[in-house]
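Enquirer: What follows is a structure written as structure tokens; I'll ask about it next.
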Amino acid sequence: MQLRTITTLTCNCILATAGLAQMPTPPAEKPSAEPAAVASPRATATVSLNGKDVTISYGAPSMRGRKIFGGLVPYDKVWRTGANEATSFVTQADLKIGGTMVPAGSYTLYTLPNATRWLLILNKQTGQWGTVYNEPMDLARIAMESKTLSPPQEAMSVSFENTVGNTTELHIKWDTTNQFVPVTAQ
């Protein structure tokens, strides 16, 4: 009786395996030629002043129909100035930003948006996620100047503009906002 049960189970396994082997395999999915778009891709702004680089690396979010300042980016709260990872600010030169001296080094860049005036914040803590902000680590808070963009700019950008010799302007643009501050290599 036991031999008969084992023989029956063995035959069933062989037949089931043979039946499965005859089934067509589904076609493999073809890999997409285009990688999925990143909602807030990384971007970089670099300028050379007196032969030394200043580089800002940030996540560049888009408006996508949203109210940006006073909405997605609230007023009077520190903002990571971009998306995802913290915005890094690396300078090989000692700088004067606005009226503030900034030694060569690596920093995290934040801003404090306000309906009438923004502050640029350079923070000595680096390598953290964008929403981790430690105020006691602030190196400086620097008043920014403002212009209105027309038409609105869909994707946020950070740029160095009006560069001449050892001076430039650091611009943060998004929606209808253009915040900027003068930068001079020492």
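Table: residues versus (1) surrounded by 17 or more Cβ atoms within 10 Å (Cβ to Cβ); (2) in contact with a helix residue (DSSP H, G or I) (Cβ under 9 Å, 6 or more places away or on another chain); (3) of a type in the set (Gly, Ala, Ser).
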site: GLY99; (1), (2), (3): no, no, yes
site: ASN114; (1), (2), (3): no, no, no
site: LYS124; (1), (2), (3): no, yes, no
site: LYS147; (1), (2), (3): no, no, no
site: SER150; (1), (2), (3): no, no, yes
site: ALA155; (1), (2), (3): no, no, yes
site: VAL158; (1), (2), (3): yes, no, no
site: HIS171; (1), (2), (3): yes, no, no
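Enquirer: Shifting gears a bit: Starting from region 119-139, take each residue that is at positive phi and list its partners that are outside any strand (DSSP E or B) and surrounded by 12 or more Cβ atoms within 10 Å (Cβ to Cβ), counting only C-beta distances under 9 angstrom and pairs at least six apart or across chains.
Expert: Within 9 Å, the pairs are GLY127/ALA86.
Enquirer: Also, I was wondering about something else. Give region 79-107 a look and list any residue that's hydroxyl-bearing (Ser, Thr, Tyr) and in contact (Cβ under 8 Å) with a residue 24 or more places away in the chain, or say none.
Expert: So the first thing to find is which residues in region 79-107 are hydroxyl-bearing (Ser, Thr, Tyr), and the list is 81, 87-88, 91, 100, 106-107.
Hits for region 79-107 are THR81, THR87, SER88, THR91, THR100, TYR107.
Enquirer: Another question, then. Which of (1) assigned to a strand (DSSP E or B); (2) of a type in the set (Gly, Ala, Ser); (3) within 17 Å of the chain's Cα centre (by Cα) is the odd one out, the single condition GLY127 does not satisfy?
Expert: (1)
Enquirer: Residues in region 66-83 that are assigned to a loop (DSSP other than H, G, I, E, B) and either surrounded by 14 or more Cβ atoms within 10 Å (Cβ to Cβ) or in contact with a Phe, Trp or Tyr (Cβ under 7 Å, 6 or more places away or on another chain) (or both): how many?
Expert: Narrowing region 66-83 to residues assigned to a loop (DSSP other than H, G, I, E, B): 66-68, 70-72, 74-78, 80-83.
With either surrounded by 14 or more Cβ atoms within 10 Å (Cβ to Cβ) or in contact with a Phe, Trp or Tyr (Cβ under 7 Å, 6 or more places away or on another chain) (or both) added as a condition, the list becomes 68, 72, 75, 78, 80-83.
Adding up the residues that qualify gives 8.
Enquirer: Failed condition for SER57, given (1) touching a strand residue (DSSP E or B) at 6+ places or on another chain (Cβ under 6 Å); (2) in a strand (DSSP E or B); (3) farther than 17 Å from TRP174 by Cα, with all others met?
Expert: Result: SER57 passes all but (3).
Enquirer: Can you find, within region 26-49, the residue that is modelled with the highest pLDDT among those that are in a loop (DSSP other than H, G, I, E, B) and either surrounded by 10 or more Cβ atoms within 10 Å (Cβ to Cβ) or touching a Gly at 6+ places or on another chain (Cβ under 6 Å) (or both)?
Expert: So in region 26-49, the residues in a loop (DSSP other than H, G, I, E, B) come out as 26-41.
In the following step, the residues that additionally are either surrounded by 10 or more Cβ atoms within 10 Å (Cβ to Cβ) or touching a Gly at 6+ places or on another chain (Cβ under 6 Å) (or both) were identified as 38-41.
Values: VAL38: 73, ALA39: 85, SER40: 94, PRO41: 97.
Here the answer is PRO41.
Enquirer: Checking GLY127 against (1) farther than 16 Å from ASP76 by Cα; (2) modelled with pLDDT of 95 or more, which test does it fail?
Expert: If we test GLY127 against (1) farther than 16 Å from ASP76 by Cα; (2) modelled with pLDDT of 95 or more, just (2) comes out false.
Enquirer: Scan region 84-93 for residues that are of a type in the set (Phe, Trp, Tyr) and either surrounded by fewer than 18 Cβ atoms within 10 Å (Cβ to Cβ) or at pLDDT below 95 (or both) and report the count. So that I can check it myself, show each step before the final result.
Expert: So in region 84-93, the residues of a type in the set (Phe, Trp, Tyr) come out as 89.
Among the residues that remain, those that are also either surrounded by fewer than 18 Cβ atoms within 10 Å (Cβ to Cβ) or at pLDDT below 95 (or both) are: none.
Qualifying residue count for the region: 0.
Enquirer: Oh, and also: Checking THR163 against (1) of a type in the set (Val, Ile, Thr); (2) part of a strand (DSSP E or B); (3) closer than 25 Å to SER62 by Cα, which test does it fail?
Expert: Answer for THR163: the failing condition is (3).
Enquirer: On the basis of being surrounded by fewer than 16 Cβ atoms within 10 Å (Cβ to Cβ) and in contact with a strand residue (DSSP E or B) (Cβ under 6 Å, 6 or more places away or on another chain), does PRO136 make the cut? Steps first, please.
Expert: Numbers: surrounded by fewer than 16 Cβ atoms within 10 Å (Cβ to Cβ): yes; in contact with a strand residue (DSSP E or B) (Cβ under 6 Å, 6 or more places away or on another chain): no.
It is false that PRO136 is surrounded by fewer than 16 Cβ atoms within 10 Å (Cβ to Cβ) and in contact with a strand residue (DSSP E or B) (Cβ under 6 Å, 6 or more places away or on another chain).
Enquirer: I've got another one for you. How many residues are over 24 Å from TYR107 (Cα atoms), aliphatic (A, V, I, L, M) and in contact (Cβ under 8 Å) with a residue 24 or more places away in the chain if we restrict to region 40-78?
Expert: Adding up the residues that qualify gives 2.
Enquirer: Is one or more of the residues making up region 78-93 under 16 Å from PHE160 (Cα atoms) and aliphatic (A, V, I, L, M)?
Expert: yes
The values are calculated or read from the model by the stated rules, or taken from the named source; none is laboratory data. Owing to the predicted nature of the structure, the values given are computational and were not obtained by experimental measurement. Note that each Cβ is placed from the backbone with ideal geometry, even for glycine, and that neighbours are counted across all protein chains shown.
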